[in-house]
Amino acid sequence: MLDPKLIRESPELVRAAIAKKHLAVDFDAVLAADAAWRAQLQEVERLRAVQKGANAAMAALAKGSPEFAARLAEMRSVSSQVKEREAGLKAAEETCREAMLTLPNLPHASVPEGSTPEENVVYSTHGDTAAAAPGAVPHWDVPGFARLFDFERGSKVTGAGFPFFIGDGARLSRALINFFLEEGARSGYVEVSPPILVNAASATATGQLPDKEGQMYETTPDRLFAIPTAEVPLTNFYRDEILDAEALPVRRCAYTPCFRREAGSYGKDVRGLNRVHQFDKVELLKWVAPATSYDELEGLRGDAERLLVKLGLPYRILLMCGGELGFAQSKKYDLEVWAAGQRRWLEVSSCSNFEAFQARRAQIRSRSRETGRTELVHTLNGSALAVPRVLAAIIENNLEADGRVRIPPALVPHFGKSHLAFA
RNA sequence: GGAGAGGUGGCAGAGUGGUCGAAUGCGCCUGACUCGAAAUCAGGUGAGCCCGCAAGGGUUCCGGGGGUUCGAAUCCCUCCCUCUCCGCCA
């Protein structure tokens, strides 16, 4: 949600933001809804002031006195007016709130123009993609792949996109999780193991509801949602709370499985480990002082990036253009790892600054000790990293002539062996 | 799942229809005293929204929602949560 004051005072900024994100939003309707709500609010508050003034007077009068009876009759009429107008006010408020929720976050000035993936800016590229093994094949074509990643039985047990990880497949997945968490801790993020089912209020605060309801798995009869990312429980940890400004930035990291229905994404990107409905991921999250959030975004990107460096995988960083930004994001970097066998880039991390957009929805503020004032914090999050795609990249980039996969040295202490075998 | 108790400001804890955003204590801030500190004394100390250039004014909030009433922290309904005991269980 945007600051209502900004919408009223600088509507041109909001219009420009909508245009940069290439969204179709009826902004005039938002302005009208806001104006209507304020007009009704003022009238109701005026009537309430009358009511309150009379209360004190009536409390001082004797119950049976004629003065009391007169006042009572008068106030009955005011009371019914208040009730009537309050109903209208409530409707106006709801209309206004819904209108406000259609407004996207403003993109940062440094975000490039554009509406398609091709218009994302390649911010930097690292490692040699050309030198990758000439005989590299997509990970699903490696002999023995199905023994470590059993999609068929996963389909039988649950459904398509829910593979079993077996033997060294499971072991490498666990090693990556462990490596990511250890590195996160080293970078100052406190490890958290959050709930992986969340309620509707939490899903709304981070923006999954109402827009993306169909993308989440939902449980009945409790109406809890399987998290699509640890961002949801982590961000909501401080929902409706006021943090000590001196304690910022607060850094947390969490490993969780993530669940995504990926409705409507049937196509060629779904083979093997590229896109599955349940996957493991380590997420980094920061709550920061507004003045520092863009520096913190660079730091966050660096924290995620370092993992790819340590794993020795070729990767690149994209600065996402306006049209490719999520609804709630002000600026976003995507980290993509090179999958040598598929000869394509796989997104393994998204590092975003949400500024106060999520914090306003979730009511997460900080209080300065000097001024005593509260302000909305800025939230940032990023994957570090998504496990299955990194695993796929390791297989494709490190496959040796004998059919074994060389484990990156940084991972060996966690994996316990220098090679993964499909046999 | 069953029975009972309870949800009030940063914390503890009063308040059972009227002048209550709410006593009191603790904490915190400011001032006095002091070389300084402690102790003591005095004062201050919630959040949001609307109007206003501002000064300031108005209004909402006592777990959430709804109701009764001229008026609700207080009465009624409903939902949520916490605690204790019992049952079940990794």
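Looking only at residues that are surrounded by 15 or more Cβ atoms within 10 Å (Cβ to Cβ) and within 22 Å of A:Gly326 (Cα to Cα) in the range A:24-54, which one is nearest to RNA strand B (Cβ to nearest atom)? Looking at the filtered set, the residue picked out is A:Val30.
This table checks each residue for (1) farther than 25 Å from A:Pro210 by Cα; (2) touching a strand residue (DSSP E or B) at 6+ places or on another chain (Cβ under 9 Å); (3) not charged (D, E, K, R).
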{"residue": "A:Leu6", "(1), (2), (3)": "no, no, yes"}
{"residue": "A:Ala33", "(1), (2), (3)": "no, no, yes"}
{"residue": "A:Glu43", "(1), (2), (3)": "yes, no, no"}
{"residue": "A:Arg48", "(1), (2), (3)": "yes, no, no"}
{"residue": "A:Ala60", "(1), (2), (3)": "yes, no, yes"}
{"residue": "A:Leu72", "(1), (2), (3)": "yes, no, yes"}
{"residue": "A:Met75", "(1), (2), (3)": "yes, no, yes"}
{"residue": "A:Ser79", "(1), (2), (3)": "yes, no, yes"}
{"residue": "A:Ala87", "(1), (2), (3)": "no, no, yes"}
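Taking the range A:288-319, which residues are outside any helix (DSSP H, G or I) and either under 24 Å from A:Pro257 (Cβ atoms) or over 21 Å from the mean Cα position of the chain (by Cα) (or both)?
Initial filter on the range A:288-319 (outside any helix (DSSP H, G or I)): A:288-289, A:312-319.
Of everything in the range A:288-319, those that are outside any helix (DSSP H, G or I) and either under 24 Å from A:Pro257 (Cβ atoms) or over 21 Å from the mean Cα position of the chain (by Cα) (or both) turn out to be A:Gly312, A:Leu313, A:Pro314, A:Tyr315, A:Arg316.
Tell me the residue from A:Leu23, A:Leu72, A:Leu47, A:Leu41 that is more than 45 Å from the chain's Cα centre (by Cα) and of a type in the set (A, V, I, L, M), please. Can you show your working first?
Details: A:Leu23 fails: more than 45 Å from the chain's Cα centre (by Cα); A:Leu47 fails: more than 45 Å from the chain's Cα centre (by Cα); A:Leu41 fails: more than 45 Å from the chain's Cα centre (by Cα).
Selected residue: A:Leu72, the only one of A:Leu23, A:Leu72, A:Leu47, A:Leu41 that is more than 45 Å from the chain's Cα centre (by Cα) and of a type in the set (A, V, I, L, M).
Put simply, of A:Asp303, A:Asp334, A:Asp295 the only residue that is farther than 28 Å from A:Asp269 by Cα, acidic (Asp, Glu) and out of contact with any Pro (no Cβ under 9 Å at 6 or more places or on another chain) is A:Asp295. Within this structure, A:Asn381 fails the test of being more than 10 Å from RNA strand B (Cβ to nearest atom), assigned by TED's automatic domain parsing to the domain that holds A:Val337 and either farther than 30 Å from A:Ala201 by Cα or not polar (S, T, N, Q) (or both). Just one of the numbered conditions (1) under 30 Å from A:Ile395 (Cα atoms); (2) in contact (Cβ under 8 Å) with a residue 60 or more places away in the chain is not true of A:Leu248: (1). Do we find a residue being under 17 Å from A:Gln215 (Cβ atoms), without any contact (Cβ under 8 Å) to a residue 12 or more places away in the chain and not in a loop (DSSP other than H, G, I, E, B) anywhere in the range A:257-268? No - not one qualifying residue is present in the range A:257-268. Taking every residue in the range A:29-53 that is on the phi < 0 side of the Ramachandran plot and aliphatic (A, V, I, L, M) and pairing it with any residue that is in a helix (DSSP H, G or I) and near RNA strand B (Cβ under 9 Å from one of its atoms), at least 6 positions away or on another chain, the pairs with Cβ-Cβ distances below 7 Å are A:Val44/A:Val82; A:Val44/A:Glu86; A:Leu47/A:Val78; A:Leu47/A:Val82; A:Val50/A:Val78. Specify the residue that is farthest from A:Asp34 (Cα to Cα); the eligible residues are those in the range A:56-82 that are near RNA strand B (Cβ under 7 Å from one of its atoms) and loosely packed, with under 10 Cβ neighbours inside 10 Å. Across the range A:56-82, the extreme among qualifying residues is A:Lys63.
Of the strands (runs of 3 or more DSSP E) contained entirely in the range A:137-256, not one carries at least 3 residues that are modelled with pLDDT of 90 or more, surrounded by 19 or more Cβ atoms within 10 Å (Cβ to Cβ) and touching a Leu at 6+ places or on another chain (Cβ under 9 Å).
Tell me, which residue of the range A:362-380 that is surrounded by fewer than 24 Cβ atoms within 10 Å (Cβ to Cβ) and either among the charged types (D, E, K, R) or at pLDDT 90 or above (or both) is nearest to A:Arg239 (Cα to Cα)? Break it down into steps so the answer makes sense when it comes.
Step one: of the range A:362-380, the residues surrounded by fewer than 24 Cβ atoms within 10 Å (Cβ to Cβ) are A:363, A:365, A:367-376.
Filter once more, so that each one left must be either among the charged types (D, E, K, R) or at pLDDT 90 or above (or both): A:365, A:367, A:369-370, A:373, A:375.
On the way: A:Arg365: 9, A:Arg367: 15, A:Arg369: 21, A:Glu370: 24, A:Arg373: 18, A:Glu375: 14 Å.
Only one residue fits best here, namely A:Arg365.
The values are calculated or read from the model by the stated rules, or taken from the named source; none is laboratory data. From a predicted model like this one, the values you see are computed outputs, not experimental measurements. A quick note on method: Cβ atoms are made from the backbone with ideal geometry, for glycine too, and the neighbour counts reach across all protein chains shown.
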